[in-house]
Structure formats: C-alpha cells, structure tokens
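The values are calculated or read from the model by the stated rules, or taken from the named source; none is laboratory data. Bear in mind the structure is a predicted one, so any value in this text is a computation, not a measurement. So basically every Cβ, Gly included, is an ideal-geometry build from the backbone, and we count neighbours across all protein chains shown.
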Amino acid sequence: MFARSAARAALNSRSFSSSAARHTKVAVLGAGGGIGQPLSLLLKTNPLVTSLSLYDIRGAPGVAADVSHIDTASEVNGYPADKLDQALEGVEVVVIPAGVPRKPGMTRDDLFNTNASIVRDLASAVARVSPQAHILVISNPVNSTVPIVASVLEKAGVFDPRRVFGVTTLDVVRARRFLAGVTGNHPKDTGVTVVGGHSGKTIVPLLSQTSYGKGLDKETWSQLVHRIQFGGDEVVKAKDGAGSATLSMAYAGAKFTDSLLRGLSGEKGVITPTFVKSDLFADQGIEFFSSNVELGPNGVEKIHPLGPISAEEQQLLNECLPDLKSNIEKGRKFVEQS
Ligand SMILES: NC(=O)C1=CN([C@@H]2O[C@H](COP(=O)(O)OP(=O)(O)OC[C@H]3O[C@@H](n4cnc5c(N)ncnc54)[C@H](O)[C@@H]3O)[C@@H](O)[C@H]2O)C=CC1
Ligand SMILES: O=C([O-])CC(=O)C(=O)O
C-alpha cells in the first residue's frame, strides 16, 4: 500500500516537474506558406509545445485562427507583417520556413538573392527580441542561410553555436523511405544517417552504415543515392511550377522540432542529423556541416563523428565538400557586405 502511494507521489512529482520544464513557446516565421501551414498544424498537435506564435507577411492571423480551434492544450496567436517583434516575445524555439521556393529548372542556390535578405532580417529580429532562442532554418539554400543566421547573431554578439540548426531532416526521411522501397522493409527499420549539406551533391547518405543499405549492388546503390540527393527536384518537377516539397517538409520540420523539444526537456539519447557549426571538417575550411548531433537541454550537446564509411561514400564526401564550402562562404560574405 505504502509502496503504491509512494510510487504515485513520485509519478505526480515527476509529471509536475517535467511539465514545468516543458513550457515551450514556439514561433513559426513564414506560417502562411506551403510549409508553414501544415507545420503549424503539426506543432499544434505536439504536447511539448505550450504556445504557438504564427507570423507571416501574409495570412498568419487566419492560419492561427484556424489552427487554434484544434482541441490540444497549446494556445495559438497569429501576427501580421508589422508585428514581428510581438511574435518573437518570450519565444524559445523559432522555426523559419519564410522565403520563396524553387520552380523547375532552378537550383536551391538560385533562391539566394531573394531568401538571403528575408532570413537575415528575421534573424536580426530574433537577435534583438529573443536572443536565447533556438533557431531552426528551413528556408533555402540551407547551406547558405544557416551561415547567414550565424553571422547576424555574431554581429549582434549573441551567437551560440548550440542554438542554430539547418533542418536537413527531409533528406533523412527520404533516405529511409526510398531505402525501404528498394529493400521491401518497413521504413522504421531502414533509418539512414545523411551528412553534409542540403542540396544535390552536398547531400551524402551513409547507406553502408545500415544493415539494409550495405548489401546493395552498385547499380541500385547509385540510383538510390541519386534519388536521395535529388529528391527535392522530383517534387519540384511534379508540382510543375507550383512550388517544392511542402507536406513532407512540414512532417520533417515537425519531426526535427519534436526532437529538439525532447532534448530541451531533458530526454537523453536524442540523436539526429542537422546542419550546425561543426569542427568535423573545420581543418578544410568548412565551418558548418550536417552529421549526427545529440540534442539536449542546451541544444547541441555533442557532434558525433561520421564513423566508418565506404570508399564510395568517401568519394561522395569529396564531391560534397568544395560546393558546401563555397555555399557557406557565400552566406558569410552576404552578411559581411550588408
Ligand atoms: N530545408 C528543407 O529541406 C526544405 C526547404 N524548403 C524551403 O522552404 C522555403 C519555403 O517554402 P514554401 O513554404 O513552399 O514557400 P511558400 O511560398 O509557400 O511560403 C513561404 C512563405 O514565406 C512568407 N514570407 C516571405 N517573406 C517573409 C518574411 N520576410 N517574413 C515572414 N514570412 C515571409 C510568404 O508570405 C509565404 O507565406 C523555401 O525557401 C523552400 O525552398 C522547402 C522544402 C524543403
Ligand atoms: O527542392 C527544393 O527546392 C526544396 C527542398 O529543399 C527539398 O525538397 O529538399
């Protein structure tokens, strides 16, 4: 009897302290867009989110009114173009899908001219209003927009490399799904670590590290790698001018946000690839790199090394690094010259 009531008391105190630790206010900047709307919906269903702040230069109050009727505990507020600072007040996690998407024939780098200044200005507002926030960058080109955010925060004197993330989760989601399609297994059994950056040849899937991926014949392997690297183009082509991946990206963005929130709330062993400031290839002048990262109460807790990779994967990595370096430098230079 005593043991049971003591156990119940312990449970109650644990749930009290964990809910106290989990009062997380999350902002979505670009909430009215193709990604922003379903992402806001998915975040509304996440019990780790207690308050959702939806901002866009177009349509956020409408999205917020709609999403706010969903019967989960979190509160939702929408903010129009001139209320960015209010949207960011007290926010701990900021997810940024603001910016233009690709049309057929464009590379992600072709988005730089429009999206660089959008991301720079949003990052400046975060630096001013909620400098402690964790920033999750979805806007492309991620290889450049993440360095832009870092540079803006550095200029403002508030950069903490543990709190800035490029969301590369869609590459991981695709790799898992496409590998399952090839092997006939359930995707839950075909997890793949994807490293590097988030565009074309900078996306490097480490299939040799998975039991289902390492036995593939050469032809199947190279088709699979190509599909993972250029999965975004598949969607851009199929949408035929109407944009790029939005629904799968919202899923991936919600998945990564959930991982971060679990880490922030003290869960151990939350490990996922994300594009962060990293020492892994710093000796080659590459400041940011996506690899498995352990997430914890402070954001990035530990950056894992790549682990053993095959000769073919080493070749992919060799092709990734020069492009990644120039994408990063382009982002850095943009803020220097702003
Ligand atoms: N990291 C990744 O894996 C992926 C990234 N993306 C990128 O995400 C971005 C958004 O894509 P979509 O949602 O499809 O585009 P979209 O055009 O449907 O939505 C973008 C939204 O951003 C808003 N916006 C523009 N400037 C803004 C500003 N200064 N402040 C706040 N909001 C602003 C627009 O009003 C619009 O509602 C694109 O750059 C796209 O390339 C897309 C898919 C995957
Ligand atoms: O391909 C695009 O432009 C959007 C994107 O980043 C992706 O789907 O991976």
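Which one of 63, 49 is under 22 Å from the mean Cα position of the chain (by Cα) and either among the polar types (S, T, N, Q) or away from ligand 1 (no atom under 15 Å from the Cβ) (or both)? Explain how you work it out, then say what you get.
Values: 63 fails: either among the polar types (S, T, N, Q) or away from ligand 1 (no atom under 15 Å from the Cβ) (or both).
Exactly one residue qualifies, and that residue is 49.
Hey, does region 209-219 have a residue that's touching a strand residue (DSSP E or B) at 6+ places or on another chain (Cβ under 6 Å) and small (Gly, Ala, Ser)? Break it down stepwise before answering.
Step one: list which residues in region 209-219 are touching a strand residue (DSSP E or B) at 6+ places or on another chain (Cβ under 6 Å), which gives none.
No.
Quick check on this structure: which one of 194, 164, 204 is crowded, with 24+ Cβ neighbours inside 10 Å and within 19 Å of residue 26 (Cβ to Cβ)? Let's see the steps before the verdict.
Numbers: 194 fails: within 19 Å of residue 26 (Cβ to Cβ); 204 fails: within 19 Å of residue 26 (Cβ to Cβ).
Every option except 164 fails the conditions.
For region 131-160, name all the residues that are in a strand (DSSP E or B) and either more than 16 Å from residue 28 (Cα to Cα) or touching a Lys or Arg at 6+ places or on another chain (Cβ under 6 Å) (or both).
Residues of region 131-160 in a strand (DSSP E or B): 134-137.
Matches in region 131-160: 134 only.
So, residue 112, is that one surrounded by 17 or more Cβ atoms within 10 Å (Cβ to Cβ), touching a Pro at 6+ places or on another chain (Cβ under 7 Å) and either hydrophobic (A, V, I, L, M, F, W, C) or without any contact (Cβ under 8 Å) to a residue 60 or more places away in the chain (or both) or not?
Values: surrounded by 17 or more Cβ atoms within 10 Å (Cβ to Cβ): yes; touching a Pro at 6+ places or on another chain (Cβ under 7 Å): yes; either hydrophobic (A, V, I, L, M, F, W, C) or without any contact (Cβ under 8 Å) to a residue 60 or more places away in the chain (or both): yes.
Yes; evaluated as a whole, the condition is true for this residue.
Applying the selection to region 48-95, what residues are in a loop (DSSP other than H, G, I, E, B), farther than 15 Å from residue 38 by Cβ and not polar (S, T, N, Q)?
48, 57, 58, 69, 71, 73, 80, 89, 90, 91, 92
Can you give me the number of residues within region 198-228 that are in contact with a Pro (Cβ under 8 Å, 6 or more places away or on another chain) and within 14 Å of ligand 1 (Cβ to nearest atom)?
3
Is region 225-248 home to any residue that is free of Cβ contacts under 8 Å to residues at least 12 places away in the same chain and closer than 20 Å to residue 321 by Cβ?
So far as region 225-248 goes, yes, one or more of its residues are free of Cβ contacts under 8 Å to residues at least 12 places away in the same chain and closer than 20 Å to residue 321 by Cβ.
What number of residues in region 167-197 are over 16 Å from residue 271 (Cβ atoms), within 13 Å of ligand 1 (Cβ to nearest atom) and assigned to a helix (DSSP H, G or I)?
2
When you go through 255, 214, 277 one by one, which is the residue that is within 19 Å of residue 38 (Cα to Cα) and of a type in the set (Lys, Arg)? Don't jump to the end; show me each part of the working.
Numbers: 214 fails: within 19 Å of residue 38 (Cα to Cα); 277 fails: within 19 Å of residue 38 (Cα to Cα).
Testing whether each residue is within 19 Å of residue 38 (Cα to Cα) and of a type in the set (Lys, Arg) leaves just 255.
Any residue that is more than 10 Å from ligand 1 (Cβ to nearest atom) and over 25 Å from residue 207 (Cα atoms) - is there at least one of those in region 269-279? I'd like the intermediate steps shown before the answer.
Filtering region 269-279 down to residues more than 10 Å from ligand 1 (Cβ to nearest atom) leaves 269-274, 276-279.
Those still in the list that are over 25 Å from residue 207 (Cα atoms) too: none.
No.
Is it the case, given these coordinates, that residue 101 is modelled with pLDDT of 95 or more, part of a loop (DSSP other than H, G, I, E, B), away from ligand 1 (no atom under 15 Å from the Cβ) and under 21 Å from the mean Cα position of the chain (by Cα)?
Working: modelled with pLDDT of 95 or more: yes; part of a loop (DSSP other than H, G, I, E, B): yes; away from ligand 1 (no atom under 15 Å from the Cβ): no; under 21 Å from the mean Cα position of the chain (by Cα): yes.
So residue 101 fails the test.
Would you point out the residue of region 104-128, among those that are more than 10 Å from ligand 2 (Cβ to nearest atom) and in a loop (DSSP other than H, G, I, E, B), that is nearest to residue 257 (Cα to Cα)?
Narrowing region 104-128 to residues more than 10 Å from ligand 2 (Cβ to nearest atom): 104-105, 109, 112-128.
So of that shortlist, the ones also in a loop (DSSP other than H, G, I, E, B) come out as 104-105.
Values: 104: 29, 105: 30 Å.
So, considering only residues that are more than 10 Å from ligand 2 (Cβ to nearest atom) and in a loop (DSSP other than H, G, I, E, B), the one nearest to residue 257 (Cα to Cα) is 104.
Going residue by residue through region 281-289, is there one that turns out to be in contact with a helix residue (DSSP H, G or I) (Cβ under 8 Å, 6 or more places away or on another chain), modelled with pLDDT of 95 or more and charged (D, E, K, R)?
Within region 281-289, the subset in contact with a helix residue (DSSP H, G or I) (Cβ under 8 Å, 6 or more places away or on another chain) is 281, 284-289.
Add one more test, that the residue is modelled with pLDDT of 95 or more, and what stays is 281, 284-289.
Subsequent filtering for residues that are charged (D, E, K, R) retains 287.
Checked region 281-289: at least one residue is in contact with a helix residue (DSSP H, G or I) (Cβ under 8 Å, 6 or more places away or on another chain), modelled with pLDDT of 95 or more and charged (D, E, K, R).
So in region 149-206, with the set limited to residues that are touching a helix residue (DSSP H, G or I) at 6+ places or on another chain (Cβ under 9 Å) and among the basic types (Lys, Arg), which one is farthest from ligand 2 (Cβ to nearest atom)?
Our first condition is that a residue be touching a helix residue (DSSP H, G or I) at 6+ places or on another chain (Cβ under 9 Å); within region 149-206, this holds for 149-161, 163-183, 185-206.
Right, trim to among the basic types (Lys, Arg) and you get 155, 163, 174, 176-177, 188, 201.
Numbers: 155: 27, 163: 22, 174: 8, 176: 14, 177: 13, 188: 22, 201: 13 Å.
Checking each candidate, the answer is 155.
Is it the case that residue 109 is within 15 Å of ligand 1 (Cβ to nearest atom), of a type in the set (D, E, K, R) and touching a strand residue (DSSP E or B) at 6+ places or on another chain (Cβ under 8 Å)?
Numbers: within 15 Å of ligand 1 (Cβ to nearest atom): yes; of a type in the set (D, E, K, R): yes; touching a strand residue (DSSP E or B) at 6+ places or on another chain (Cβ under 8 Å): no.
So residue 109 does not fit the description; no.
Can you tell me which condition residue 316 does not meet? The list is (1) buried (at least 20 other Cβ atoms within 10 Å of the Cβ); (2) at pLDDT below 95, and all the others hold.
Single failed check for residue 316: (2).
Looking only at region 229-256, how many residues end up being more than 11 Å from ligand 1 (Cβ to nearest atom) and either closer than 22 Å to residue 29 by Cα or not small (Gly, Ala, Ser) (or both)?
First pass over region 229-256, keeping only residues more than 11 Å from ligand 1 (Cβ to nearest atom): 229-230, 233-234, 237-238, 240-241, 254-255.
This time we only want the ones that are either closer than 22 Å to residue 29 by Cα or not small (Gly, Ala, Ser) (or both), so: 229-230, 233-234, 237, 240, 254-255.
Of the residues in region 229-256, 8 are more than 11 Å from ligand 1 (Cβ to nearest atom) and either closer than 22 Å to residue 29 by Cα or not small (Gly, Ala, Ser) (or both).
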